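Reviewing the structure listed below.
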Amino acid sequence: PLILGLESSCDDSAAALLRGRDVLASVVKGQGALHAAYGGVVPEIAARAHAERLDLCVEEALAEAGVALQDVDAIAVTAGPGLIGGVLSGVMLAKGLAAGLGKPLVGVNHLAGHALTPRLTDGLAFPYLMLLVSGGHCQFLTVRGPQDFSRLGGTIDDAPGEAFDKTARLLGLPQPGGPSVEAEALKGDETRFRFPRPLLDRPGCDLSFSGLKTALLRQRDQIVAPQGGLTRQDRADLCAGFQAAVRDVLAEKARRAISLYMDEQPASPALAVAGGVAANRALRGALETLCAETGLRFTAPPLALCTDNAAMIAYAGGELFAAGVTHGEPIVARPRWPLDRQAAPMIGSGK
Ligand code: ATP
Ligand code: FE
């Protein structure tokens, strides 16, 4: 079946067309420029921009795929979690299209979209271990089915992407912080500054990243105060030290998550990473090494499918349709929607 996916939960408007694992088109329109002056995403501006751009995303996706709207067999839309105005823009468009075409509609959890991406890109079999690591999230999940996720642990405060972005801001590097910190870190010495490895002394796979930001601020100010400014080398060494700390705690907690996951004796054990921070080469390298040591397959999607996109929503929707899940109205748009509570009806029955 030909599935149209729509995504509008944060600051990317996106539409995609998929047939099975074939991505016929994936269009993403970012809103960075609209929000740049405010230092963060403004929900009202995002909602209006989605309402204005989603139509265009759909048109472009249809043209790119060379299909007509009438050819679409089913529609999948992000129903949460995210900024509610944006989610509603997508849900309203999806409802209108589904009603107009007389085609089924399904609401998809955005995080499930990220977490199912390795099935789209690499055809991973259930159950696999997922490290979902992005601008707003950080969690280890055992993925057993399109609606079956168990959370093994996660951050108790900031997400790593957020920490990369703050680090860049504190060091005067451009946003988004991840790529700029990674580039600086390549030129730096990760051993010069001491960064903590938070929560490693505690059992389990919970993580914490807020202390790294404090450590960075303290070390920056200890150098800046006496010296009157950071040299390029200072900046590179700070980035290298920070990135190494993030890499080390994620890899060590991944080792613990792997042993919990292996207790289930999966037939084809695999660890997959997804979300924007999955683009980080130091992290990918550390996880790859860990998987080689522990005998797991390792996968990481191409960058365009790590960050927000609608191909992952269409794909997740396709898995739900295949499992017989479709939804009538009303779709409930949800600002919060934890993945491990997927089993509850994904979309309200209105009763
Ligand atoms: P969520 O999916 O949790 O709602 P989001 O959609 O904002 O959050 P993503 O688009 O998945 O997050 O990822 C964006 C984040 O990824 C940013 O914080 C960015 O700094 C980070 N990032 C991107 N590339 C890299 C990199 N090479 N190294 C580290 N972090 C990176
Ligand atoms: Fe996302």
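Laboratory data are not the source of any read-out in this text; all were calculated from the coordinates shown. Quantities reported herein were computed from a predicted structural model and do not represent experimental measurements. Virtual Cβ from ideal backbone geometry, glycine too; neighbours counted across all protein chains shown.
Backbone geometry of the stretch 228-243 corresponds, through the Karplus equation with coefficients 6.51, -1.76 and 1.60 at θ = phi - 60°, to 3J(HN,Hα) couplings of x, x, 8, 7, 4, 5, 4, 4, 5, 5, 5, 4, 5, x, 5, 4 Hz, x marking Gly and Pro. Here's the list of lysines a cross-link from residue 103 could span, going by alpha-carbon distance under 21 Å and ignoring same-chain residues fewer than 8 apart: 95.
Take every Cα pair under 8 Å whose residues are at least 6 apart in sequence, average their separation, divide by the length of the stretch 105-259, and the relative contact order is 22 percent.
Listed from fewest to most Cβ neighbours within 10 Å, the set 35, 137 follows the order 35, 137. Value of Rg to Rh for the chain, rounded to two decimals, is 0.99; Kirkwood radius and Rg both from alpha-carbon coordinates. Think of each Lys and Arg Cβ as +1 and each Asp and Glu Cβ as -1; about the Cα centre, that makes the dipole of the stretch 144-255 roughly 80 debye.
Look at where the Cα atoms of the stretch 41-89 and of the stretch 243-274 average out, and the two centres are 34 Å apart. Taking 0.36 nm per residue of separation and subtracting the Cα-Cα distance, full extension of the segment from residue 186 to residue 71 would add 36.6 nm. The ranking of 130, 92, 312 by Cβ neighbour count inside 10 Å, starting from the fewest, reads 92, 130, 312.
For the chain, the relative contact order is 24 percent, taking Cα pairs closer than 8 Å that sit 6 or more residues apart in sequence and dividing their mean separation by the residue count.
What is the sum of charges, Lys and Arg at +1 and Asp and Glu at -1, for the other residues whose Cβ falls under 9 Å from the Cβ of residue 150? Please report the intermediate quantities before stating the final value.
On the way: positive: 144, 151; negative: 148, 340.
Neighbour charge sum, excluding residue 150 itself: 0.
Fewest-first ordering of 315, 38, 261 by other beta carbons within 10 Å of each residue's beta carbon gives 38, 261, 315. Here the stretch 129-191 was treated as a single set of alpha-carbon atoms; its pair distances binned every 10 Å from 0 give 21, 37, 27, 13, 2 percent.
So which of 29/253; 213/253; 187/213 end up more than 23 Å apart by C-alpha?
29/253, as the Cα separations exceed 23 Å there.
In a simple Cβ point-charge model (Lys, Arg +1; Asp, Glu -1; nothing else charged), the chain has a dipole of about 620 debye relative to its Cα centre. Our helix-only sum for the chain, with -39,500 (n - 2.57) per DSSP H run of n ≥ 4 divided by its residues, gives a mean residue ellipticity at 222 nm of -14500 deg cm²/dmol.
Straightening the chain between residue 64 and residue 22 buys 13.8 nm, computed as 0.36 nm per residue apart minus the Cα-Cα spacing. Backbone N atoms of the stretch 122-141 closer than 16 Å to the 7 Å Cα→Cβ label point of residue 157 belong to residues 137-138.
Given R0 = 41 Å, the distance between the Cβ atoms of residue 144 and residue 233 translates into a calculated FRET efficiency of 0.30. Rounded to 0.05, the FRET efficiency of the residue 194 and residue 36 pair, given R0 = 30 Å and the Cβ-Cβ distance, is 0.30. A Förster radius of 22 Å, combined with the Cβ-Cβ distance separating residue 289 from residue 268, puts the computed FRET efficiency at roughly 0.65. Over the stretch 1-104, the hull volume per residue, using the convex hull of the C-alpha atoms, is 89 Å³.
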